[in-house]
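Nothing in this text is a laboratory measurement; each read-out follows from the coordinates by a stated rule. Worth saying up front: this structure is predicted, and the values here are computed from it rather than measured. Here Cβ is always computed from backbone atoms with ideal geometry, including for glycine, and neighbour counts include all displayed protein chains.
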Amino acid sequence: MDISQILNDINDFVWGPIMLTLLVGTGIFLTIRLKFLPWLNLWYAIKIIFKKKSEHEGDISPFQSLMTALSATVGTGNIVGVATAMVLGGPGAIVWMWISAAFGLSTKYAESVLAVKYRETNSVGEMAGGPMYAMKNGIGGSLGKIMAFLFAFFAVCASFGIGNMTQANSISSAFESSFGWPGWVTGIILVIFSLMVLMRGVHSIGKVSSFIVPSMAFFYLLFTVIIIIVNWKNIPGGVATMFQMAFSFDAVAGGVGGSIIASMLTAMRWGVARGVFSNEAGLGSAPIAAAAAKTDHASRQGYVNMTGTFFDTMIICMLTGLVIASSGMLGTVDPATGKLVSGAPLTILAFSTVYGEGAKYIVSIALALFAYSTILGWEYYGEKSLEYLISNRKVIYAYRAIFSCITFIGATQTLDVVWNFSDTMNGLMAIPNLICLLILNKDIAQECFHFQEVVVEREKLGEEVDLKNHLH
């Protein structure tokens, strides 16, 4: 058995039923433990994103922190992942993606709360936080340090693959198929643009993400909504099929000519897996960005970052799913290969029902922007994880340069072994993170209930609340 097959088998196990049960189970537990407040306060959380509260300790604004986290999560999963889930798990996978995201709100809130609560200031005055610091300072002792080391190590490994090469390869493939650009041209452009942003650190990443993420999300949503409006007659049938296939214990046929066959378990398996891959709730990556935010209360930033899961999966992924479901293209067979069309080509087919030949350009540009923003966000995750392991500024600058240059390899090579390895590392990050959330659930609950009593209830009455010294 070759190493590629071994890594593929390990990856299948890591992302198998046990991991997905742990991810969703933790979300369910935290939702109940927090008395459903992350759900009840979702609209409140969306409103406070745009409030200017910058006179607090931190590196970037709460909005920039959210955009940095969203830059890493809004990526190929929103275009490629949704289409793949609908082919492998049927249209019902979208329903399970949405359900897992609902509980993922509580997980994302909880891990972001701990990231701010236990963050530290590094040697150059920047905030350093995330699951590794929650493990070291919150759990403490040998167990906390071992868990922190493992998480940081897995995160650094994952940053080069899932956060870099896979994204660069997606950009390169999209531009080659749509514009005929050779991979090396895309690779050079990526290296230059990555170096320009990443070498300047978190402030530069925050500013660029604050521009790219809202812009690309707005235009992608605009194009998808137009398709849904044009194909509105197919929406009721598409939604009905989604729910039928999501909750049917027996295998149900769907798609063109009934070519997509899936049961509830299959829909759940692929919906949850692709949902987590898209919004990263429970993996522990987004809290690293949350820790850099200027905020007066850990819970406030928890709510801000929680909305990332809402925007990523409950809005963008759902719209992509509705576009595919209403287009009538799900289940199309490629005559050249005899296989079902999946991934980006399926999304392009769905877009082509309205935009014709222009569909490949729209999807390719959206995919490129989504993937490039993921590269920026994941560099920050990898950098902060490496900083935890090696507190040497020269090493950090070297990491930024190497990370930027590796985008060229991703753009010009297809490295299945590297991808499987990094995908496994990405999954392994979740294990210590989820254990940490369960161990420190009392800390999370205390922060949540204190903020609810002292801030949320009073702000609803129109009162101004000053928590300037709370984090100290």
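So what is the relative contact order of region 56-202, in percent, for Cα pairs below 8 Å that sit 6 or more residues apart?
Reported relative contact order: 15 percent.
Given N residues in region 89-199, what is its alpha carbon radius of gyration divided by 2.2 N^0.38 Å? Write down the numbers at each step before the final one.
Details: Rg = 19.3 Å, N = 111, 2.2 N^0.38 = 13.2 Å.
Normalised Rg, Cα atoms only: 1.47.
Under the rule that an exposed site lies in a DSSP loop and has at most 12 other Cβ atoms within 10 Å, name the longest stretch of the chain with no GluC sites (Glu not before Pro) of that kind, not counting the sites themselves. It would help to have the intermediate numbers written out before the result.
Details: sites that count: E55, E357, E463, E464.
Formally, the longest exposed-site-free interval is 56-356.
Once you place label points 7 Å from the Cα toward the Cβ at N122 and I315, how far apart are they in nm?
Placing both labels 7 Å along Cα→Cβ, they lie 3.0 nm apart.
What do you get for trypsin sites (Lys or Arg not before Pro) in region 128-207 restricted to DSSP loop and a cutoff of at most 15 other Cβ within 10 Å of the site's Cβ? Display every interim value, and only then the final one.
Details: sites: K136, K145, R200, K207; in loops: R200.
When the trypsin sites (Lys or Arg not before Pro) of region 128-207 are filtered for loop state and at most 15 Cβ neighbours within 10 Å, R200 remain.
Can I get the semi-axes of region 259-382's equivalent ellipsoid? Compute them from the C-alpha gyration tensor as square roots of 5 times the eigenvalues, in angstrom, largest first.
Values: eigenvalues 214, 64, 34 Å².
Computed over region 259-382, the values are 33, 18, 13 Å.
Would you order W15, W181, W378, W43 from fewest to most other beta-carbon atoms within 10 Å of each residue's own beta-carbon?
W43, W181, W15, W378
Rank these for me by crowding, I227, I6, going from fewest to most other beta carbons within 10 Å.
Numbers: I227 23, I6 12.
Neighbour counts put them in this order, fewest first: I6, I227.
Nearest 0.05, what FRET efficiency do D334 and L389 give at R0 = 56 Å with Cβ-Cβ as r?
The calculated FRET efficiency here is 0.80.
Taking all pairs of different Cα atoms in region 1-45, averaging 1/r and flipping that mean, what Kirkwood radius in angstroms comes out? If you can, show how the numbers build up before the last one.
Working: mean 1/r = 0.0774 Å⁻¹.
About 12.9 Å, per the Kirkwood formula over Cα pairs.
Need one word for region 103-165: rounded, prolate or oblate. Basis is the Cα gyration tensor (sqrt eigenvalues a ≥ b ≥ c); a/c below 1.5 gives rounded, then a/b vs b/c decides. Mind dumping the intermediate values first?
On the way: a/c = 1.31, a/b = 1.14, b/c = 1.15.
Note, shape of region 103-165 comes out rounded.
Place +1 on the Cβ of every Lys and Arg and -1 on the Cβ of every Asp and Glu in the chain, take the dipole about the Cα centre, and give the residue among L434, L37, M318 whose Cα lies farthest towards its positive end.
Of L434, L37, M318, it is L37.
Residues of region 13-55 with the amide nitrogen closer than 14 Å to a label point 7 Å from the Cα of F449, along Cα-to-Cβ, please.
32-37
Select from G25, M425, S263 the residue farthest towards the positive end of the dipole of the chain; place +1 on Cβ of Lys and Arg, -1 on Cβ of Asp and Glu, and compute about the Cα centre.
G25
In deg cm²/dmol, rounded to 500, what helix-only [θ] at 222 nm does the chain give when every DSSP H run of at least 4 residues adds -39500 (n - 2.57) and the total is split over its residues? All intermediate terms of the calculation are to be shown ahead of the outcome.
Working: 23 runs with 329 residues, N = 472.
One gets -22500 deg cm²/dmol as the mean residue ellipticity at 222 nm.
Expressed in nm to one decimal, what extension gain is obtained for the pair M199 and Q244 from 0.36 nm per residue of sequence separation less their Cα-Cα distance? Don't jump to the answer; show the numbers that get you there.
Working: separation 45, 0.36 × 45 = 16.20 nm, distance 4.97 nm.
Stretched fully, the M199-Q244 segment lengthens by 11.2 nm.
Quick one: order K51, K360, K442 by neighbouring beta-carbon count within 10 Å, fewest to most.
K442, K51, K360
Would you please classify the overall shape of region 1-152 from the alpha carbon gyration tensor, given that a ≥ b ≥ c denote the square roots of the eigenvalues, rounded means a/c under 1.5, and beyond that prolate means a/b larger than b/c while oblate covers the rest?
Here region 1-152 falls in the oblate category.
Looking at the chain, do any whole DSSP H helices span at least 27 angstrom along their long axis by alpha carbon and average -0.5 or above on Kyte-Doolittle, and which?
On the way: long enough: 92-117 (38 Å, 0.95); 141-160 (30 Å, 1.78); 202-230 (41 Å, 1.94); 358-389 (47 Å, 0.52); 393-412 (30 Å, 0.88); 416-439 (36 Å, 1.09).
Qualifying helices, which must be both long enough and hydrophobic enough, are 92-117, 141-160, 202-230, 358-389, 393-412, 416-439.
Taking the dipole about the Cα centre of the chain, with the C-beta of Lys and Arg at +1 and of Asp and Glu at -1, give me whichever of I226, L283, A128 is farthest to the positive side.
A128
With the calculation restricted to Cα positions, what are the radius of gyration and Dmax of the chain in angstrom?
21.3, 66
Is the shape of region 120-269 rounded, prolate or oblate, going by the alpha carbon gyration tensor and its root eigenvalues a ≥ b ≥ c, with a/c under 1.5 for rounded and a/b larger than b/c for prolate? Mind showing how you got there, number by number?
Numbers: a/c = 2.26, a/b = 1.41, b/c = 1.60.
Verdict is oblate for region 120-269.
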